[in-house]
2 protein chains.
Amino acid sequence: MGATVTSRALDILGAFDGEHRSLSLTDLARRAGLPLATAHRLVGELHRWGALAREPTGEYVIGRRIWQLGLLAPVQSGLRQAASPFLHDLYGTTLATVHLAVRDGLEVLYVERLAGHVSVPVVSRVGSRLPMHATGVGKVLLAYAPEEVRLEVLANLTRVTAYTVTQPARLLEQLRRVRAEGYATTGEEMSLGACSVAVPVRNGDVVVAALGMVVPDLRRQLPRLVSALQVAAHGISRTLAGTSVQWK
Amino acid sequence: MGATVTSRALDILGAFDGEHRSLSLTDLARRAGLPLATAHRLVGELHRWGALAREPTGEYVIGRRIWQLGLLAPVQSGLRQAASPFLHDLYGTTLATVHLAVRDGLEVLYVERLAGHVSVPVVSRVGSRLPMHATGVGKVLLAYAPEEVRLEVLANLTRVTAYTVTQPARLLEQLRRVRAEGYATTGEEMSLGACSVAVPVRNGDVVVAALGMVVPDLRRQLPRLVSALQVAAHGISRTLAGTSVQWK
DNA sequence: AAAGTTCTTCCACTGAACGGAAGGGGTGGG
DNA sequence: CCCACCCCTTCCGTTCAGTGGAAGAACTTT
């Protein structure tokens, strides 16, 4: 358990999340489960280094140095940069909300997002996580994930909306089709009024990310969207293969 | 001196930079100035938490969790998001490389950048730092910086190109004009063949960032560029004032 | 003015961090 | 094949940095 100094410092950083972007010392101590005096010292060190910054209000926020470090992460520097122009093109031609996501453990992690102005209800945010079985990008990533991951996810299909697929057998069948046809779809399985299509992005033979799109309705334009997605995905793959940079 | 556990762990993270995005354990130990065994333990903890990830090669890279934390930083979540649409507009109408930067200590920190396809030699990258006296955004930020910062910067005007302003008196005069006229310019002071214009971005009365543009030549279109920049800057200010979110 | 807050400082005790040393594992070259 | 080299991992007795209760400062609220 978290008894080492380092893990405690990290727990303090971990106290921040999307809903808690600025926290007082006392909050930090509480959320990290540390005595106030201990938190005070650790926070002081983090602040001195630049991992935390202080707002005019006296509350702490994540510092610029962490932000800069984050820019060096492989998701950011490799995948994201390779994908960026293609995402813009995609958005330009379809005007739908466009997503790039990777698998992180048993969840989908959104790496990039271009949102349309008049958009369908979209839950994701860059940096946020969603369950794999209820999203288009999630199904793609799950279809190509290692067996063990698939089993663990299948064992725990939580319901999100009335349309969420919660029967393992049905999802397995869908995943088979994803592999066969090269794309995945969802229909209001994550949020009502939102459908999605997604395709895999490869680096060599390995599926490293998924590229997806959220629209109010799929029926009419599915083939067109799938091919637009596939064009973009191929473009990204080619860029990735070109840059011999590390990225994962 | 770096003697506390926390600072050592942070030094390990600090070993990464733009040129060193993936490092072996031994490299990390060397760069952080730590005994191998110590580095090994700390790296293990950072890895377990998700601050570091491991490439297939065995080298370490910045992990996704740090990347996610970085997205929570005020630069990112407040300023950057508020500015994003305006930067796109600016880029759309001028097709020049567009920059958003803040002051970090005695340097300029680039927060966002939209690069043109056929672009002039531009040195900056998102997350990188440049000297204040040789860049357009830097001069803006310096013009509105606290007296003490200005003095320290003026005392150390390093030459970058033949055109870099290195005389304190001359720079001071330029800064006065920046405040009077509301924009700053440079002419090949950072890299040959590149000129720039920049304007301040305010939140309330406080100058919190600078918005700049890099072009091959200024003479002809200066007024047009300045007004485009100012429109965008005002838009950003209004957005910032609107969101009562913290940001700095 | 009293009773809350939250933040900061202090310091004696103690157990977590330290790091030298030894042991695996891979690679290369003689 | 064996030895030299490099990088990584584990071990363990010593010691020094981290700990956290407590006291008090600085503010706010009642």
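The values are calculated or read from the model by the stated rules, or taken from the named source; none is laboratory data. Just so it is clear, the model here is predicted, and its values are computed rather than measured. Please note: Cβ atoms are built from the backbone with ideal geometry, for glycine as well, and neighbour counts cover all protein chains shown. Areas reflect the complete protein model, heavy atoms only, side chains present, ligands, DNA and RNA absent. Shrake-Rupley method; radii C 1.70, N 1.55, O 1.52, S 1.80 Å.
Distance to the B-onto-A rotation axis is smallest for one chain B Cβ; residue and value in angstrom are B:Gly70, 1. Computed from point charges on the beta carbon alone (+1 for Lys and Arg, -1 for Asp and Glu), the dipole magnitude for chain A about its Cα centre is near 240 Debye. B:Thr166 label point (Cα plus 7 Å toward Cβ) to equivalent points in the other copies: 7.3 nm, shortest first.
When nucleic acids and ligands are ignored and a 1.4 Å probe is applied, A:Thr93 ends up with an accessible area of around 100 Å². Amide H contacts of B:Met213: B:His99, B:Val197, each under 5 Å away and 5 or more positions distant or on a separate chain (H built 1.01 Å from N in the peptide plane; Pro and chain starts excluded).
The alpha carbon centroids of segment A:176-202 and segment B:175-248 are separated by 43 Å.
Here the calculated FRET efficiency for B:His20 and A:Ser24, from their Cβ-Cβ distance with R0 = 25 Å, stands at 0.10, rounded to the nearest 0.05.
Taking the centroid of alpha carbons for each part, segment B:44-69 and segment B:139-163 are 37 Å apart.
With its label point put 7 Å out from Cα toward Cβ, A:Arg224 sits 3.5 nm from the same residue's point in the other copies, in order from shortest. For helix B:168-181, what angle does its Cα long axis make with the longest principal axis of chain B, in degrees from 0 to 90 and rounded to 10? On a 0 to 90 degree scale, this one is about 70. A simple spin-label model places the labels of B:Arg54 and A:Thr93 4.1 nm from each other, with each point 7 Å out along Cα-to-Cβ. First check a/c for segment B:5-69, with a ≥ b ≥ c the square roots of the eigenvalues of its C-alpha gyration tensor; if it is under 1.5, answer rounded, and if not, answer prolate when a/b is larger than b/c or oblate otherwise. Rounded shape, in that the Cα axes give a/c under 1.5.
Residues in segment A:137-146 carry Karplus couplings, in order, of 4, x, 4, 4, 5, 5, 4, 10, 7, x Hz; the curve used is 6.51 cos²θ - 1.76 cosθ + 1.60 with θ = phi - 60°, and Gly or Pro positions show x.
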